[in-house]
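Worksheet: one structure, shown below.
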Amino acid sequence: MTADMPPERVTDPDGATVEVFSLPTDEVTLEELLRDLFENHWDKITFGPLIQGAAWEIRAPHAPTHVGMLDGYLTVAFGASHFHLCIGAHKGPPGNPTPEPLARHRRTARAELYRRLDKSGVPVSWGLRLFNGQNEQQTTILLPNPFLSPDSDKVLEMPDWSRLELWDRLRARWLGLTEPDPFDRSGFGFSHG
């Protein structure tokens, strides 16, 4: 995605319209992006899979105690609690190598910054999504939302547009879109369906 390419509009399984900004899926890019989010913005993001029938909206209790790579998996640990995402080449142990089709299934095959639109067609949610080689969601990272309070996710009476700072920063770094998009600031309030 470059500054002169518009986002792709897709319809999610729940019928919502989402604007998708595709990102590279190589290990180096994904590790840099995820490390930045979890090491530098852990206190601003909410993360976990958001799939039909389950929404895991987890907030880190503190900065990660460990972020590292091993055999294609990025591990982010917060003490005993941790998660693993397969973002790179995965081989398995030498005595029991992972079959290539399974390794492709596990690895991130699609990464995207996105903004979810409400029924009137304006943005109401911003984030990053990763999908594996079978198009199954690995995780969603929800970015600060100008319509929700940072501490309780209560709907604000007036939008706090400063909460789009991380979205604007990611757009600039990963998409080359250096100017904030007025469209991101065109909504009136939070809604989800």
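Nothing in this text is a laboratory measurement; each read-out follows from the coordinates by a stated rule. Just so it is clear, the structure is predicted and the values come from calculations on it, not from any experiment. Using ideal geometry, Cβ is built from the backbone for each residue, glycine included, and neighbour counts are taken over all protein chains shown.
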Checklist outcome for this item: Two pseudo-spin positions, 7 Å from Cα along C-beta at Ser22 and at Asp153, lie apart in nanometres by 3.1 nm
Checklist entry - Which order results if Leu34, Leu117 are arranged by neighbouring Cβ count within 10 Å, fewest first? => result Leu117, Leu34
Item to check | Selection from Asn132, Ile51, Ala16 lying farthest towards where the dipole of the range 11-180 points positive, charges on Cβ | outcome: Asn132
Next on the checklist: To make sure I understand, if each residue's beta carbon is the centre and we count other beta carbons within 10 Å, what order do Arg59, Arg107 fall in, fewest to most?
Outcome noted: Arg59, Arg107
Next on the checklist: Restricting to DSSP H runs of at least four residues, report the calculated mean residue ellipticity at 222 nm for the chain, -39500 (n - 2.57) per run over all residues, nearest 500 deg cm²/dmol.
Outcome noted: -3000 deg cm²/dmol
Checklist outcome for this item: Once the dipole of the range 58-120 is set up from charges on Cβ (+1 Lys and Arg, -1 Asp and Glu), the residue from the list Gly79, Leu113, Thr98 lying farthest towards its positive end is Leu113
Checklist entry - How far is it, in nm, from the label point at Thr11 to the one at Ala55 when both lie 7 Å from their Cα along the line to the Cβ? => result 2.1 nm
Item to check | Hz values of 3J(HN,Hα) by residue in the range 42-56 - Karplus curve (6.51, -1.76, 1.60), Gly and Pro given as x | outcome: 3, 7, 10, 9, 10, 9, x, x, 10, 10, 4, x, 7, 10, 9
Item to check | Check: the range 11-180 dipole with +1 on Lys, Arg Cβ and -1 on Asp, Glu Cβ, in debye | outcome: 280 debye
Item to check | Built amide H within the under 5 Å cut-off of Arg107, gap 5+ | outcome: Gly133
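Over the chain, what is the mean sequence separation of C-alpha contacts under 8 Å (at least six apart), divided by residue count, expressed as relative contact order in percent?
Relative contact order for the chain comes out at 20 percent.
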Next on the checklist: How would the range 1-153 be classified by its alpha-carbon gyration tensor: rounded, prolate or oblate, with rounded meaning a/c under 1.5 and the a/b versus b/c comparison settling the rest?
Outcome noted: oblate
Checklist outcome for this item: So the FRET efficiency between Asp181 and His82, C-beta based with R0 = 30 Å and rounded to 0.05, is 0.30
Checklist entry - Out of Ser125, Ser22, Ser162, any idea which swings most in a Gaussian network model of the chain, alpha carbons joined below 10 Å? => result Ser162
Item to check | Net charge dipole size for the range 1-102 [Lys, Arg +1 and Asp, Glu -1 on Cβ; Debye, nearest 20] | outcome: 340 debye
